[in-house]
Amino acid sequence: MAIRVVPYSPEWPRQYERVAEQLRDGLRAIPSARVEHVGSTSIPALAAKPVIDIDVVVPAHDVAAAVAALAAMGYQPRGDLGVSGREALGAPDDNPRRHVYVCASGCLSLRNHLAVRDVLRVRPDLRDRYAAIKIALAQDPELTIEQYLAGKSEILQEVLALADITPEERQEIWQLNNAG
């Protein structure tokens with residue numbers, strides 16, 4: 001299946017808010033839970049795959065309870081998918097298409113997501129370079145998701161170098177993004 005990257009849509013934050021409200025309601029028994037819009041759809045003016053990325057952030061001891069609460073809402077637990085500190089969940093529907101992760105507070109996956117979002121929100125030069133790379137990669141109809149992730153790695157390393165991500169952590173992220 002081809003990778004589809006589209007121009008930014010002001011609909012994405014509204015879609016996120018609708019889902020986030022549902023998630024917060026389902027997580028009300030876990031007062032520590034917070035919901036974050038991450039990924040390219042969270043960055044104004046950035047071209048993206050039209051899929052909302054959401055991190056549910058809880059202390060490590062609340063991860064299992066958060067996963068159970070979301071499973072009760074119809075989300076399907078999918079395990080960590082090889083990423084330490086986070087649990088992926090399949091959405092119960094495609095309205096909107098979304099990826100939902102339960103992340104232990106402070107884990108590298110969460111810090112990576114927040115760092116990329118926060119840097120690209122304030123650095124339009126990097127945001128625009130990142131968009132150009134994503135658009136160019138998506139032109140190849142044979143491109144796999146693994147190749148897409150690897151193709152974005154170099155600029156993401158530049159972005160992460162501007163955040164509070166150590167060189168060792170950046171190397172770990174590089175390896176995850178280039179594992180395919």
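The values are calculated or read from the model by the stated rules, or taken from the named source; none is laboratory data. Remember, it's a predicted structure, so these values are computed and weren't measured experimentally. We place every Cβ from the backbone using ideal geometry, glycine too, and count neighbours over all the protein chains shown.
Where residues in the stretch 6-49 are of a type in the set (S, T, N, Q) and loosely packed, with under 15 Cβ neighbours inside 10 Å, which of them is nearest to residue 120 (Cα to Cα)?
9
Pairs only if they're at least six apart or on different chains, beta carbon under 9 angstrom, first in the stretch 11-32 and in contact (Cβ under 8 Å) with a residue 40 or more places away in the chain, second in a helix (DSSP H, G or I) and exposed (fewer than 12 other Cβ atoms within 10 Å of the Cβ); list them, first residue then second.
Within 9 Å, the pairs are 26/72.
Among the residues of the stretch 153-168, count how many are at pLDDT 95 or above and out of contact with any helix residue (DSSP H, G or I) (no Cβ under 6 Å at 6 or more places or on another chain).
So the answer is 7.
Would you mind stating whether residue 119 is more than 21 Å from residue 178 (Cα to Cα) and assigned to a helix (DSSP H, G or I)?
Yes: the conditions hold for residue 119.
Here's a check for you: in the stretch 50-83, which residue that is buried (at least 16 other Cβ atoms within 10 Å of the Cβ) and of a type in the set (Gly, Ala, Ser) is nearest to the chain's Cα centre (by Cα)?
Per the criteria, the residue is 66.
Please go through the stretch 74-108 and give me each residue that is closer than 21 Å to residue 12 by Cβ and in a loop (DSSP other than H, G, I, E, B), ordered by number.
If the condition is that a residue be closer than 21 Å to residue 12 by Cβ and in a loop (DSSP other than H, G, I, E, B), then 75, 91, 92, 93, 94, 95, 96, 97 are the ones that fit.
Please give the number of the condition residue 134 fails out of (1) more than 14 Å from the chain's Cα centre (by Cα); (2) surrounded by fewer than 20 Cβ atoms within 10 Å (Cβ to Cβ); (3) not small (Gly, Ala, Ser).
(2)
Counting only residues that are farther than 28 Å from residue 146 by Cα and not small (Gly, Ala, Ser), how many does the stretch 59-94 have?
Of the residues in the stretch 59-94, 4 are farther than 28 Å from residue 146 by Cα and not small (Gly, Ala, Ser).
Could you please find all residues in the stretch 137-150 being over 19 Å from the mean Cα position of the chain (by Cα) and closer than 11 Å to residue 4 by Cα?
Those that are over 19 Å from the mean Cα position of the chain (by Cα) and closer than 11 Å to residue 4 by Cα: 139, 140, 141, 143.
Looking at 2, 71, which is the one that is more than 28 Å from residue 172 (Cβ to Cβ), at pLDDT below 95 and not aromatic (Phe, Trp, Tyr)?
2
Residues in the stretch 18-32: is at least one within 30 Å of residue 139 (Cβ to Cβ), touching a helix residue (DSSP H, G or I) at 6+ places or on another chain (Cβ under 7 Å) and not in a strand (DSSP E or B)?
No: zero hits.
Can you find a residue in the stretch 127-137 that is of a type in the set (Val, Ile, Thr) and over 28 Å from residue 167 (Cβ atoms)?
yes
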